[in-house]
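See structure below.
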Amino acid sequence: MTNPLIFTIPLIAIPILYWVYTYPKNKYKQTNLVLYVHDYHTGDDKSVITVAGKDGPTTSILHFGTLLATDNPVTLGLDPGSNEVGRAQGMYINSQLDGKAVFMTFSIVFTDGEYKGSTLEIQGADRFLVKEREFSVVSGTGYFRFVRGYGIMTTEFLDLQNLRALLKFNITVRHY
Ligand SMILES: *[C@@H]1O[C@H](CO)[C@@H](O)[C@H](O)[C@H]1NC(C)=O
């Protein structure tokens with residue numbers, strides 16, 4: 001005589017097998033990029049301008065409320081002469097009452113190299129006197145569709161007098 005319990009085995013096994021096969025795997029890809037953003041507020045190669053501020057367009061970025069437009073060169077190497085792969089296009093707004101932080105929101109528009117034609121959307125607080133600050137990567141296009149991630153920003157070079165800076169962006173994103 002067959003043990004009636006044997007008929008319950010498929011009832012248990014089938015859901016378990018179903019769960020094993022459909023359990024979400026790590027389907028995402030992870031990409032790490034190290035980019036250098038050249039942030040030049042003065043000079044012939046100036047790439048940031050002040051749009052508005054408490055004293056109009058002459059207001060320093062170091063004052064709360066100053067709004068700037070950026071079209072900064074992005075390179076793979078630290079050297080300003082190194083191959084440009086894109087532009088950081090968007091804005092900064094000084095968003096801390098004591099003037100020591102800006103809110104940044106811009107697209108990294110890749111114009112050359114591996115990611116040419118794609119963009120990454122960067123957003124976050126830049127407390128620029130802090131050695132390492134973390135920002136968000138909120139989205140992207142092309143190769144970077146559906147991305148999200150984060151980046152760590154460090155100031156590699158700063159000429160505070162002339163407001164010329166070289167920023168390292170170490171970005172980690174996950175996408176499909
Ligand atoms: C980039 O950041 C990651 C952590 O997110 C770290 O492991 C890696 O060493 C950093 N790379 C560089 C070149 O700084």
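The values are calculated or read from the model by the stated rules, or taken from the named source; none is laboratory data. All values reported here derive from a predicted model rather than from experimental measurement. No Cβ is skipped: glycine too gets one built from the backbone with ideal geometry, and neighbour counts run over all protein chains shown.
Brief remarks on what is shown
- Condition broken by residue 132, with the remaining ones in (1) charged (D, E, K, R); (2) modelled with pLDDT under 95; (3) within 16 Å of the ligand (Cβ to nearest atom) satisfied: (2)
- Only one entry of 58, 31, 22 meets the criterion of being of a type outside the set (A, V, I, L, M) and under 24 Å from the mean Cα position of the chain (by Cα), and that entry is 31.
- Hits in segment 140-174 - residues which are buried (at least 17 other Cβ atoms within 10 Å of the Cβ), away from the ligand (no atom under 13 Å from the Cβ) and assigned to a strand (DSSP E or B): 140, 155, 164, 165, 166
- Among (1) more than 16 Å from the ligand (Cβ to nearest atom); (2) modelled with pLDDT of 95 or more - the single one residue 59 does not satisfy: (2)
- Flag for residue 27 being in contact (Cβ under 8 Å) with a residue 24 or more places away in the chain and out of contact with any Ser or Thr (no Cβ under 7 Å at 6 or more places or on another chain): yes
- Of all residues in segment 1-43 being polar (S, T, N, Q) and assigned to a helix (DSSP H, G or I), the one that is nearest to the ligand (Cβ to nearest atom): 22
- Qualifying position, being assigned to a loop (DSSP other than H, G, I, E, B), more than 16 Å from the ligand (Cβ to nearest atom) and surrounded by 12 or more Cβ atoms within 10 Å (Cβ to Cβ), among 115, 92: 115
- Residues satisfying the stated conditions in segment 9-63, i.e. surrounded by 10 or more Cβ atoms within 10 Å (Cβ to Cβ) and of a type in the set (Lys, Arg): 29, 46, 54
- Look at segment 155-176: where a residue is aliphatic (A, V, I, L, M) and a partner is within 16 Å of the ligand (Cβ to nearest atom) and not in a strand (DSSP E or B), sitting 6+ places away or on another chain with Cβ atoms under 9 Å, you get 166/78; 173/147.
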